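Asks: One structure coming up, written as structure tokens, with questions to follow.
The values are calculated or read from the model by the stated rules, or taken from the named source; none is laboratory data. No experiment lies behind these values; they were computed from the predicted model shown. In this analysis, Cβ positions are derived from the backbone assuming ideal geometry, glycine residues included, and neighbour counts consider all displayed protein chains. Heavy atoms of the whole protein, side chains included, go into the accessibility calculation; ligands, DNA and RNA do not. Shrake-Rupley method; radii C 1.70, N 1.55, O 1.52, S 1.80 Å.
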Amino acid sequence: MHETQAEDPTLVLLTVEEAARRLHIGRTTCFALIRTGALESVLIGGLRRVPVDAPAAFVIGLRAAQRAA
């Protein structure tokens, strides 16, 4: 069920767990990236959500930083 939800093209927000799964990192690492601002997220009520395009934007930023180094 979670796999299908994460791949649903109508979704605009992901849970932290779904974002972590897309990045192939752990949940704790994903929260650390959010805490530092490296991975965009929003709060809705008390729920932390990651915009669906944020994981790809994070990877693009990593690639650009590594090319510049």
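Asks: Quickly estimate the mean residue ellipticity at 222 nm for the chain, helices only: each DSSP H run with n ≥ 4 gives -39500 (n - 2.57), and the total goes over all residues, rounded to 500. Can you show the working numbers first?
Replies: On the way: 4 runs with 38 residues, N = 69.
Helix-only estimate at 222 nm: -16000 deg cm²/dmol.
Asks: Please build a GNM for the chain, connecting alpha carbons under 10 Å apart, and tell me which residue among I25, I34, I44 fluctuates the most.
Replies: I44
Asks: Kindly express, to the nearest 10 degrees and within the range 0 to 90, the angle between helix 27-36's C-alpha long axis and the longest C-alpha principal axis of the chain.
Replies: The angle comes out at about 60 degrees.
Asks: Using label points projected 7 Å from each Cα along Cα→Cβ, tell me how many nm separate A64 and R48, to one decimal.
Replies: In this crude spin-label approximation the distance works out to 2.4 nm.
Asks: For the chain, what number results from the quotient of the Cα radius of gyration and 2.2 N^0.38 Å? Numbers along the way, then the final one.
Replies: Working: Rg = 12.3 Å, N = 69, 2.2 N^0.38 = 11.0 Å.
Relative to the 2.2 N^0.38 Å estimate, the chain comes out at 1.12.
Asks: Over the chain, what percent of the accessible surface lies on carbon and sulfur atoms, probe 1.4 Å? Intermediate results must be reported in sequence, preceding the final value.
Replies: Details: 2890 of 4850 Å².
Reported share for carbon and sulfur atoms: 60 percent.
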